[in-house]
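Asker: Have a look at this one.
The values are calculated or read from the model by the stated rules, or taken from the named source; none is laboratory data. It should be emphasised that the depicted structure is a prediction, and the values quoted were computed from it without experimental measurement. When we count neighbours, we look across all protein chains shown, and the Cβ atoms used for this are built from the backbone with ideal geometry, even at glycine.
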Amino acid sequence: MAVVVGVDIGGSGVRAAAVSSAGELGEIRRVALIHRGVDAVIDAVRAVSLDLGATAVGVGVPGFVRDGRVVASPNFPEWSDIPLAKRLSAALGCPVHVENDANAAAFGVYVARGRRRDVLVLTLGTGVGGGIVTGGRLFRGSGGTGAELGHVRVGGNRACGCGGRGCLEMWVGTVGLVAAAAERGFAVRDGAAVVAAADAGENWALSVMSDAAEALGLGLASLTNLFNPEEIVLCGGLSGAQRHLAQAEVVWRAEGIRANTEDVSIVWEGRADAFAIAGAAWSSS
């Protein structure tokens, strides 16, 4: 019996589940990462995939992926031109497909929402990932590393892990929120701490979230003008801060070309884990 397993590799751990042909997820298993080295990640993916009885595996990884190779990863700095699909396939003895994690999440959203519409997805987490599904297929660009939506430039000079400056994820992702807090003289652990401070009415945190909402709106306007999707879906851990990011929709409507925004809806979907796991499995088939 074929068992397709979807795997989502994150900065702190690996999440995996068996995914049925109907798109139903089994129990999500979690394996903590002791560190982010290639061998440690391969060992974790191998262990959980074998435990689930995998006969085929789809893996979502936070990095620039081309033909099964991780070219580079801003969140896994020591990864450079790693033939991840080949190494995992050898370790598991079954076919392995490797996909950018945000692309996987985007495809998972597309399938979960009925495969009906062209969709643009942003995952708001440690960084900002993104993916586009059009005509039922993921858009990857000519070399496979396209649709890096979190690296659209929205302004400022804050250095990003991709090598650029002023990227969207440096305003809206956890890394950007922590940097913005530090610029105001506040040391925080993560984006959740900034959101909690904003919930408590602390002015510095409200200012950080206001800037994040403005940047998100500008980024969405540029992306909508470029891709003209039927629907925009925002998911990931920080999508739970919608109450502080809602102004982004106002900015998006004001800054985007009306012909591209007037019939488009923005949907806030919550956490992206299940989407990324399912999408990794589905995109492997």
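Asker: Find the helices (runs of 4 or more DSSP H) located wholly in the stretch 215-285 whose residues include 2 or more that are more than 25 Å from L177 (Cβ to Cβ) and in contact with a helix residue (DSSP H, G or I) (Cβ under 6 Å, 6 or more places away or on another chain), and list them.
Answerer: 258-261, 273-283
Asker: Quick one: which strands (runs of 3 or more DSSP E) sit completely within the stretch 95-150 and have at least 2 residues that are in the same structural domain as N75 (by TED's automatic domain parsing)?
Answerer: Strands (runs of 3 or more DSSP E) meeting the threshold: 96-100.
Asker: Yes or no: R115 out of contact with any helix residue (DSSP H, G or I) (no Cβ under 9 Å at 6 or more places or on another chain) and surrounded by fewer than 16 Cβ atoms within 10 Å (Cβ to Cβ)?
Answerer: Judged against the criteria, R115 is a match.
Asker: Let me ask something else about it. Can you pull out the residues in the stretch 237-270 that are of a type in the set (A, V, I, L, M) and either more than 24 Å from G11 (Cβ to Cβ) or not assigned by TED's automatic domain parsing to the domain that holds S207 (or both)?
Answerer: A246, A248, V250, V251, A254, I257, A259, V264, I266, V267, listed by residue number.
This table checks each residue for (1) within 15 Å of the chain's Cα centre (by Cα); (2) outside any loop (DSSP other than H, G, I, E, B); (3) not assigned by TED's automatic domain parsing to the domain that holds G127.
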{"site": "V14", "(1), (2), (3)": "yes, yes, yes"}
{"site": "S21", "(1), (2), (3)": "no, no, yes"}
{"site": "V31", "(1), (2), (3)": "no, yes, yes"}
{"site": "A44", "(1), (2), (3)": "no, yes, yes"}
{"site": "S49", "(1), (2), (3)": "no, yes, yes"}
{"site": "G60", "(1), (2), (3)": "yes, yes, yes"}
{"site": "P77", "(1), (2), (3)": "no, no, yes"}
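Asker: Also: Residues of the stretch 168-205 being of a type in the set (V, I, T) and touching a residue at least 24 places away in the same chain (Cβ under 8 Å), which ones?
Answerer: Result: V172, T174, V175, V195.
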